[in-house]
1. Is it the case that GLY121 is at pLDDT 85 or above, of a type outside the set (A, V, I, L, M), outside any helix (DSSP H, G or I) and over 21 Å from THR54 (Cα atoms)?
2. Filter the range 87-103 down to residues that are surrounded by fewer than 19 Cβ atoms within 10 Å (Cβ to Cβ), aliphatic (A, V, I, L, M) and in a helix (DSSP H, G or I) and give me whichever is modelled with the lowest pLDDT.
3. For TYR75, work out the one condition from (1) at pLDDT 85 or above; (2) under 12 Å from the mean Cα position of the chain (by Cα) it doesn't fulfil.
4. Within the range 9-25, track down each residue that is surrounded by 15 or more Cβ atoms within 10 Å (Cβ to Cβ) and either touching a Leu at 6+ places or on another chain (Cβ under 6 Å) or assigned to a helix (DSSP H, G or I) (or both).
5. Would you check which residues across the range 47-61 are part of a helix (DSSP H, G or I) and surrounded by fewer than 11 Cβ atoms within 10 Å (Cβ to Cβ) and list them?
6. Which of the numbered conditions does LYS84 fail, given that it passes all the others? Conditions: (1) exposed (fewer than 13 other Cβ atoms within 10 Å of the Cβ); (2) within 18 Å of the chain's Cα centre (by Cα); (3) modelled with pLDDT of 75 or more.
7. Could we say that ALA154 is at pLDDT 85 or above, outside the structural domain of ARG41 (by TED's automatic domain parsing), assigned to a helix (DSSP H, G or I) and among the small types (Gly, Ala, Ser) here?
Amino acid sequence: MTKEDAAKAVAYMRSAYPSYFWNLTKESLADMVNALAETFREYTVADVALGIKTYIGADRSGFPPSHGDIIYHMYKGKDPGGNKAALEAWDMVKRAIRVPPGHREAAFGILPEPARRALGGPDRLQGFRTWADTDPHTFETEIQIRFLQEYAAAVKEMAISAGRKQPEPKERLQDLRERLSNEKSKT
């Protein structure tokens with residue numbers, strides 16, 4: 001996403017949340033554009049737009065989305081069911097980092113297997129806690145992205161080690177088409 005794209009995204013959010021944006025200075029808007037462009041530099045415009053639109057469609061707060069909200073809704077909008085487990089695991093990790101240090105091993109043990117593999121160990125919960133306390137913006141954007149990527153890799157690795165290759169989306173779609181055509185031919 002470029003700065004021009006980020007400016008369009010901010011303009012879109014501005015039209016959806018006029019009461020929030022009405023008194024922001026040009027400098028504040030420029031800072032918002034720069035932050036959005038920097039956070040989402042590796043994402044496509046379509047992905048970010050999907051995240052913003054999905055957030056706005058589900059919003060009840062009346063406030064524009066944070067970067068973490070955009071990422072969350074981007075994944076949710078892309079595949080409402082498929083990434084649900086990853087997003088739920090992220091929510092569980094966020095709760096687990098709030099557990100007192102003496103109970104982190106137990107909190108780590110409760111997490112789903114792919115989340116445990118993505119984290120690597122209970123000690124990483126403390127690192128996440130530090131990020132969340134010192135830099136919430138980075139935690140809700142970059143750390144979340146990294147966790148979701150590691151979670152997806154862990155799920156794929158687990159599927160391969162279990163002796164079955166996880167089908168790619170196109171393969172799944174082709175498989176569904178074949179099953180539907182077989183069912184139609186049976187009737």
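1. Values: at pLDDT 85 or above: yes; of a type outside the set (A, V, I, L, M): yes; outside any helix (DSSP H, G or I): yes; over 21 Å from THR54 (Cα atoms): yes.
Against the criterion (at pLDDT 85 or above, of a type outside the set (A, V, I, L, M), outside any helix (DSSP H, G or I) and over 21 Å from THR54 (Cα atoms)), GLY121 qualifies.
2. First, the residues of the range 87-103 that are surrounded by fewer than 19 Cβ atoms within 10 Å (Cβ to Cβ): 87-88, 91-92, 94-95, 98-103.
Add one more test, that the residue is aliphatic (A, V, I, L, M), and what stays is 87, 92, 99.
Next, from what is left, pick out any that are in a helix (DSSP H, G or I): 87, 92.
Numbers: LEU87: 80, MET92: 87.
Per the criteria, the residue is LEU87.
3. (1)
4. Here is the first cut: in the range 9-25, the residues surrounded by 15 or more Cβ atoms within 10 Å (Cβ to Cβ) are 9-10, 12-14, 16-17, 21.
Listed by number, the residues that qualify are ALA9, VAL10, TYR12, MET13, ARG14, ALA16, PHE21.
5. So the first thing to find is which residues in the range 47-61 are part of a helix (DSSP H, G or I), and the list is 47-58.
GLY57 - this is the single residue of the range 47-61 that is part of a helix (DSSP H, G or I) and surrounded by fewer than 11 Cβ atoms within 10 Å (Cβ to Cβ).
6. All conditions are met except number (3).
7. Numbers: at pLDDT 85 or above: yes; outside the structural domain of ARG41 (by TED's automatic domain parsing): yes; assigned to a helix (DSSP H, G or I): yes; among the small types (Gly, Ala, Ser): yes.
For ALA154, the condition - at pLDDT 85 or above, outside the structural domain of ARG41 (by TED's automatic domain parsing), assigned to a helix (DSSP H, G or I) and among the small types (Gly, Ala, Ser) - is met.
This table checks each residue for (1) part of a helix (DSSP H, G or I); (2) without any contact (Cβ under 8 Å) to a residue 60 or more places away in the chain.
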residue: ALA7; (1), (2): yes, yes
residue: GLU27; (1), (2): yes, yes
residue: VAL33; (1), (2): yes, yes
residue: LEU36; (1), (2): yes, yes
residue: GLU42; (1), (2): no, yes
residue: TYR75; (1), (2): yes, no
residue: GLU105; (1), (2): yes, yes
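The values are calculated or read from the model by the stated rules, or taken from the named source; none is laboratory data. Not measured: the values here are computed from a predicted model. When we count neighbours, we look across all protein chains shown, and the Cβ atoms used for this are built from the backbone with ideal geometry, even at glycine.
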